[in-house]
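The values are calculated or read from the model by the stated rules, or taken from the named source; none is laboratory data. These numbers were taken from a predicted model, which means no experiment stands behind them. Here Cβ is always computed from backbone atoms with ideal geometry, including for glycine, and neighbour counts include all displayed protein chains. Keep in mind that these areas ignore ligands, DNA and RNA; they rest on the heavy atoms of the full protein, side chains included. Shrake-Rupley method; radii C 1.70, N 1.55, O 1.52, S 1.80 Å.
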Amino acid sequence: MEDIIEVQHLSKFFGENEILKDINFTVKKGEVVCIIGSSGSGKSTLLRCINLLEKPNGGKIIYHGKNILDNKHDVYEYRTKLGMVFQQFNLFNNYNVLENCTIGQIKVLNRSKEEAEEVAMKFLKVVGMDQYINAKPNQLSGGQKQRVAIARALSMEPDVLMFDEPTSALDPEMVGEVLSVMQDLAKSGLTMLVVTHEMGFASEVADRVVFMDKGVIAEEGSPEEIFNNPKEERTREFLRRIL
Amino acid sequence: MTWSWFFKIIEEYWPMFLRGAGVTLLISIIGTVIGAIIGLIIGTIRTIPPSDNGFKRFWLKIVNFILTVYVEVFRGTPMIVQSMVIYYGSLMLFNINMDKMFAGIFIVSINTGAYTAEIVRGGIISVDKGQFEAAHAIGMNHAKTMLYVVLPQVVRNILPAIGNEFVINIKDTSVLNVISVTELYYQTSSITGNVFRFFEPFLIASVIYLIMTLTVTRILRLIEKKMDGPENFNVIPGNQMQVARPDHVANKIGKRG
């Protein structure tokens with residue numbers, strides 16, 4: 001299958017600290033890749049480097065055959081191709097649910113209001129939030145906010161949807177509703193890159209699991225390999241701690 | 001007897017008071033609005049992230065330096081002195097005879113701009129970093145992020161402070177009498193020259209100032225409420241089962257129980 005994103009020798013420093021060391025991995029079309037690992041292992045930083053919210057210090061990010069770290073590349077256009085769902089939802093506080101899903105389409109993709117609303121409603125239905133289009137973000141529960149955030153990202157019709165610990169800020173009873181939406185999306189063939197602590201979700205939904213430790217990819221494989229037959233000692237230890 | 005004078009002055013000079021109040025209100029409204037726009041623009045420019053391009057970075061530094069000088073100079077000198085310097089300075093140095101009304105609005109605007117620039121900067125800093133990141137993540141550049149996501153929130157948050165500026169402007173336009181702008185203080189002074197009494201005309205002027213500031217504060221409160229929108233929202237009725245999955249229904253029942 002076609003590679004959508006290929007990360008080569010990526011490195012990232014925060015001051016003196018090397019957060020990411022020589023990261024190499026690819027995301028293929030239609031694949032669901034879960035990145036797991038303990039806090040501080042660089043998972044989120046990797047995700048944020050891929051859509052350039054953090055600027056990598058070295059390496060390449062190849063997107064459809066082009067290195068987007070070249071200065072000439074249009075960062076803003078590239079970002080519209082990558083959806084991002086944040087841990088803290090980050091819905092736009094000044095807009096209601098529907099406007100949250102249309103503002104990017106109208107102002108960035110230059111779609112008409114009618115077209116944008118149609119697309120937004122389609123995806124709000126997918127996440128089950130189409131009844132709440134008039135609500136402001138501060139009137140919603142965490143799980144509802146996160147589902148709207150997913151619809152907002154989908155409305156841009158990205159090539160890849162990236163999730164940065166989408167359920168970590170939720171009350172336990174709301175984790176289920178977000179995970180089930182993500183599960184449906186995975187089944188629909190959407191390419192997804194998910195940083196998560198939900199091992200159940202990773203083992204069930206992922207095509208490939210990447211285990212990160214101290215800024216490097218320690219092990220990578222199918223969920224079966226990682227969860228049942230981990231090769232590396234540190235993978236085994238991480239799983240012992242978390243399961 | 002003071003009271004008879006009081007009513008006599010009102011009776012005789014009310015058009016002058018009214019004209020003065022009108023000019024005061026006009027200058028302070030336009031001055032505050034233009035000042036707030038100047039502040040928003042400066043605040044946006046000052047929060048542009050440093051570019052990788054050396055040339056752009058150089059320009060940004062120069063622009064930022066000029067803006068800092070502007071803010072410091074106009075915050076650091078009294079408006080009454082600025083009025084003199086700008087009005088008579090433009091006449092002497094550039095031979096421009098400014099319209100007095102225009103001069104008044106100009107001075108109040110740039111003065112307010114200097115203050116609101118700092119208010120806006122504080123407002124931008126107080127907006128959650130996640131709002132910027134989410135906007136960037138859907139492909140907005142700095143200008144779009146500011147225009148559509150950050151500034152609307154900033155405007156709502158700084159509205160009380162802008163209201164403060166507005167009230168201050170209503171009162172401080174009185175200093176424009178030094179360049180003979182016919183605002184309320186100037187008109188009142190003229191009236192005192194006619195009636196040879198000071199207490200009553202200025203008592204009337206103070207009541208008019210108070211009415212103006214109180215009205216403005218109330219109107220701004222209403223605008224704030226309007227911007228906050230309704231506290232409740234409508235759930236659009238629809239076919240629930242279309243979107244609900246068994247686990248959702250179970251969740252809801254679980255919550256109630």
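Identify all residues within the stretch A:132-146 that are open to solvent by less than 20 Å² (accessible area, probe 1.4 Å) and within 11 Å of another protein chain (Cβ to nearest Cβ); write none if there are none.
Of everything in the stretch A:132-146, those that are open to solvent by less than 20 Å² (accessible area, probe 1.4 Å) and within 11 Å of another protein chain (Cβ to nearest Cβ) turn out to be A:135, A:137, A:140, A:143.
Looking only at the stretch B:66-89, decide whether some residue is under 30 Å from residue A:70 (Cα atoms) and of a type outside the set (D, E, K, R).
Step one: list which residues in the stretch B:66-89 are under 30 Å from residue A:70 (Cα atoms), which gives none.
So far as the stretch B:66-89 goes, no, none of its residues is under 30 Å from residue A:70 (Cα atoms) and of a type outside the set (D, E, K, R).
Please identify the pairs in which a residue from the stretch A:17-43 that is of a type in the set (Lys, Arg) has its Cβ atom under 7 Å from the Cβ atom of a residue that is open to solvent by 70 Å² or more (accessible area, probe 1.4 Å) and part of a loop (DSSP other than H, G, I, E, B), counting only partners at least 6 apart or on another chain.
That search, which allows pairs on different chains as well, returns A:28/A:1; A:28/A:2; A:29/A:1; A:29/A:2.
So which of B:135, B:114 ends up being within 14 Å of chain A (Cβ to nearest Cβ), out of contact with any Leu (no Cβ under 9 Å at 6 or more places or on another chain) and assigned to a helix (DSSP H, G or I)?
Matching residue, one of B:135, B:114: B:135.
Just one of A:103, A:35, A:62 is crowded, with 22+ Cβ neighbours inside 10 Å, modelled with pLDDT of 90 or more and not in a helix (DSSP H, G or I); which is it?
Residue meeting the stated conditions: A:35.
Could you check how many residues of the stretch A:70-108 are under 18 Å from residue B:143 (Cβ atoms) and charged (D, E, K, R)?
4
From the set of residues in the stretch A:119-131 that are assigned to a helix (DSSP H, G or I) and within 8 Å of chain B (Cβ to nearest Cβ), which is farthest from residue A:102 (Cα to Cα)?
A:131
Identify, please: which residue in the stretch B:138-174 is within 14 Å of chain A (Cβ to nearest Cβ) and of a type in the set (Val, Ile, Thr) and is, among those, surrounded by the fewest Cβ atoms within 10 Å (Cβ to Cβ)?
Among those residues, the one meeting the criterion is B:155.
Given (1) crowded, with 19+ Cβ neighbours inside 10 Å; (2) modelled with pLDDT of 90 or more, identify the lone condition not met by residue B:218.
The one condition residue B:218 does not meet is (1).
Considering every residue within the stretch A:48-57, establish whether at least one is more than 9 Å from chain B (Cβ to nearest Cβ), more than 17 Å from the chain's Cα centre (by Cα) and surrounded by fewer than 19 Cβ atoms within 10 Å (Cβ to Cβ).
yes
Quick check on residue B:10: is it among the aliphatic types (A, V, I, L, M), assigned to a helix (DSSP H, G or I) and modelled with pLDDT of 85 or more?
Spelling it out, it is not the case that residue B:10 is among the aliphatic types (A, V, I, L, M), assigned to a helix (DSSP H, G or I) and modelled with pLDDT of 85 or more.
Which residues, counting only those in the stretch A:139-157, are assigned to a helix (DSSP H, G or I) and farther than 20 Å from residue B:138 by Cβ?
Once the filter is applied, which keeps residues that are assigned to a helix (DSSP H, G or I) and farther than 20 Å from residue B:138 by Cβ, the stretch A:139-157 yields A:139, A:142, A:143.
Going by the conditions given, is residue B:42 out of contact with any His (no Cβ under 6 Å at 6 or more places or on another chain), open to solvent by less than 40 Å² (accessible area, probe 1.4 Å) and in a helix (DSSP H, G or I)? Show your work before the answer.
Values: out of contact with any His (no Cβ under 6 Å at 6 or more places or on another chain): yes; open to solvent by less than 40 Å² (accessible area, probe 1.4 Å): yes; in a helix (DSSP H, G or I): yes.
It is true that residue B:42 is out of contact with any His (no Cβ under 6 Å at 6 or more places or on another chain), open to solvent by less than 40 Å² (accessible area, probe 1.4 Å) and in a helix (DSSP H, G or I).
Hey, could you check the stretch A:147-172 for residues that are more than 28 Å from residue A:77 (Cα to Cα) and out of contact with any helix residue (DSSP H, G or I) (no Cβ under 8 Å at 6 or more places or on another chain) and say which is least open to solvent (accessible area, probe 1.4 Å)?
By that ranking, first place goes to A:168.
Search the stretch A:184-239 for residues being more than 16 Å from the chain's Cα centre (by Cα) and aromatic (Phe, Trp, Tyr), and hand back the single one that is nearest to residue A:37 (Cα to Cα).
Top of the filtered list is A:238.
If you take the residues in the stretch A:65-100 that are basic (Lys, Arg) and more than 20 Å from the chain's Cα centre (by Cα), which one is most open to solvent (accessible area, probe 1.4 Å)? Give the steps one after another, and end with the answer.
So the first thing to find is which residues in the stretch A:65-100 are basic (Lys, Arg), and the list is A:66, A:72, A:79, A:81.
Restricting the remaining residues to those that are more than 20 Å from the chain's Cα centre (by Cα) gives A:66, A:72.
Details: A:66: 127, A:72: 200 Å².
Checking each candidate, the answer is A:72.
Tell me which residues, restricted to the stretch A:176-199, are open to solvent by 20 Å² or more (accessible area, probe 1.4 Å) and within 14 Å of chain B (Cβ to nearest Cβ).
A:176, A:179, A:183, A:184, A:187
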